[in-house]
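A short worksheet on the structure shown next.
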Amino acid sequence: MYDIIIIGGGPAAVAVGVYAARKKMKTAFVADQIGGQSIVSDGIENWIGEINIAGPILAKKLKDHIENYKDEIEMRFPARADKIEKNEDGTFSVFIGEEKLKTKTIVVCTGGRHRKLGVLGEEKFNGRGVVYCATCDAPFFKEKDVVVVGGGNSGLEAVVDLLKYADKIYLIARNGKLRGDSVTQEEIIDNEKVEIIYHSEVQEVLGDKMVEGVKIKNLDGDEKLIDVQGVFVEIGSVPNSEIVGELVDLDEWGNIKIDFKNQATSCEGVFAAGDVTDTIFRQNNIAVGDGIKALLSAYDFMKKN
Amino acid sequence: MAEVIIYSTPTCGFCTLAKDFFNEKGIEFKEIDVSVDQEEAQKMVEKTGQMGVPVIIINKDGKEEVIVGFDQAQLMTILGIE
């Protein structure tokens, strides 16, 4: 019987793990990857204590930190938790495949994943012109025309990544203005390679073997075809909350509802932290702080029960 | 011994993680940076149908596996390492 099982491998999960080890809780750390969503970031300039750190370096530091406690906590990495069940005695069973781990408490730190467009052609052309990691794959689009979907920060950053390579970049924004940082907006708005199309959404990704175009539609219902070889999707994230979907209350977007004071979910003994929760702000530093709150709450819960 | 090739770009975080993993496990690999080598990039796209990195190709026991993305558990299974 474990005191605590931590599910996930981002900054929140690592913070929980480090604190759990130091509290000498009997811990299992179940993650298929360590580092979180910032792995793909070229440079992070707001991770406190580092002026600029590349995503993979931050991931490595997080991994080193948690693995420093590998004698104290059980590292189940790489492994994926498939299912969680609540037992009659108030404990929980976490399944990794057929294997069952029993625990008194759980902290869910499973983060978020890229939101997809959900339109025809998107799946078919995934990796064949449809891109979810602009920093990774922009070099493939040298002298090509592309669309970037999404007027938030990640959309604007994708445009910046592509400026070095693509000939023409159409930025499709659903609203009448861009939402991303004004510093980044200034960088792209007057660039002749960039054309911003407001009040529009992608309806379909078109092509034969590779992407050849997109169909977009504006507020008035007017449809238009644009010839492009790449579609960069940057429309936010969705929470990885499926594993506890039947155990805890979720909000309408699938985020785990938490008590902001102590990170408790609607299910006693289950806590959550980071981007999988209904936190207002999705930030590495906040995920870490919330993870620590979750751990301290789980520790109190364990002592009382 | 398995022959491992990784197609990468310098700004690809998952490529870096994959290379770290190979180094950690003492697995030799050949890296092809498709951001500088357009010819290889084109070859990779034709061979795999993929316009994204990382793509990892493992030749082991006369069998070729093409892996898109970085999945440590999957690599460990294919390479037969703990």
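The values are calculated or read from the model by the stated rules, or taken from the named source; none is laboratory data. Everything numeric in this text was worked out from a predicted model, so none of it was measured. Glycine also receives a Cβ, built like all others from the backbone with ideal geometry; neighbour counts cover every protein chain displayed.
Are any residues in the range A:150-202 surrounded by fewer than 18 Cβ atoms within 10 Å (Cβ to Cβ), assigned to a strand (DSSP E or B) and among the hydrophobic types (A, V, I, L, M, F, W, C), and if so, which ones? Correct list: A:ILE197 only. The criterion of being of a type outside the set (A, V, I, L, M, F, W, C), in contact (Cβ under 8 Å) with a residue 60 or more places away in the chain, crowded, with 19+ Cβ neighbours inside 10 Å and assigned to a strand (DSSP E or B) does not hold for A:THR110.
Inside the range A:234-247, residues that are in contact (Cβ under 8 Å) with a residue 12 or more places away in the chain and more than 20 Å from the chain's Cα centre (by Cα) make up a count of 1.
The single condition among (1) over 11 Å from the mean Cα position of the chain (by Cα); (2) crowded, with 17+ Cβ neighbours inside 10 Å; (3) over 18 Å from B:PRO10 (Cα atoms) that B:ILE67 does not meet is (1). Every listed requirement among (1) modelled with pLDDT of 90 or more; (2) small (Gly, Ala, Ser); (3) surrounded by 12 or more Cβ atoms within 10 Å (Cβ to Cβ) is met by B:ALA2 save one, (1).
Can you say whether A:GLU67 is away from every other protein chain (no Cβ under 14 Å) and at negative phi, as far as the supplied structure shows? In short, no.
Got a sec? Which of A:LYS70, A:LYS100, A:LYS61 is closer than 29 Å to A:GLN263 by Cα, without any contact (Cβ under 8 Å) to a residue 40 or more places away in the chain and in a strand (DSSP E or B)? Even if it seems obvious, please write down each step before you answer.
Working: A:LYS70 fails: in a strand (DSSP E or B); A:LYS61 fails: in a strand (DSSP E or B).
Among A:LYS70, A:LYS100, A:LYS61, only A:LYS100 is closer than 29 Å to A:GLN263 by Cα, without any contact (Cβ under 8 Å) to a residue 40 or more places away in the chain and in a strand (DSSP E or B).
Would a scan of the range A:279-286 turn up a residue that is assigned to a strand (DSSP E or B), at pLDDT 95 or above and more than 14 Å from chain B (Cβ to nearest Cβ)? No, the range A:279-286 contains no residue that is assigned to a strand (DSSP E or B), at pLDDT 95 or above and more than 14 Å from chain B (Cβ to nearest Cβ). Within the range A:12-35, the set of residues being out of contact with any Leu (no Cβ under 7 Å at 6 or more places or on another chain) and within 14 Å of chain B (Cβ to nearest Cβ) comprises A:VAL30, A:ALA31, A:ASP32, A:GLN33. Restricting attention to the range A:42-64, and to residues there that are surrounded by fewer than 22 Cβ atoms within 10 Å (Cβ to Cβ) and among the small types (Gly, Ala, Ser), which single residue is farthest from the other protein chains (Cβ to nearest Cβ)? The residue in question is A:GLY49. A search for C-beta distances below 6 Å between a residue of the range A:188-199 that is assigned by TED's automatic domain parsing to the domain that holds A:ALA158 and of a type in the set (Ser, Thr, Tyr) and any residue that is assigned to a loop (DSSP other than H, G, I, E, B) and surrounded by 14 or more Cβ atoms within 10 Å (Cβ to Cβ), counting only pairs 6+ apart in sequence or on different chains, returns A:TYR198/A:ALA173.
How about the range A:203-254: which strands (runs of 3 or more DSSP E) wholly inside it have at least 2 residues that are under 22 Å from A:ASN153 (Cα atoms)? Talk me through it step by step, then tell me what you get.
Numbers: elements: A:211-218, A:223-227, A:230-233, A:237-239.
Fully inside the range A:203-254 and qualifying: A:211-218, A:230-233, A:237-239.
Among residues belonging to the range B:27-70 that are of a type in the set (D, E, K, R), under 26 Å from A:VAL231 (Cα atoms) and touching a strand residue (DSSP E or B) at 6+ places or on another chain (Cβ under 7 Å), point out the one that is nearest to the other protein chains (Cβ to nearest Cβ).
Of the residues in the range B:27-70, the ones of a type in the set (D, E, K, R) are B:28, B:30-31, B:33, B:37, B:39-40, B:43, B:46-47, B:60-61, B:63-65.
Those still in the list that are under 26 Å from A:VAL231 (Cα atoms) too: B:33, B:37, B:39-40, B:43, B:46-47.
After this cut, where a residue has to be touching a strand residue (DSSP E or B) at 6+ places or on another chain (Cβ under 7 Å) as well, the list is B:33, B:40.
Details: B:ASP33: 9, B:GLU40: 11 Å.
Residue satisfying both the conditions and the ranking: B:ASP33.
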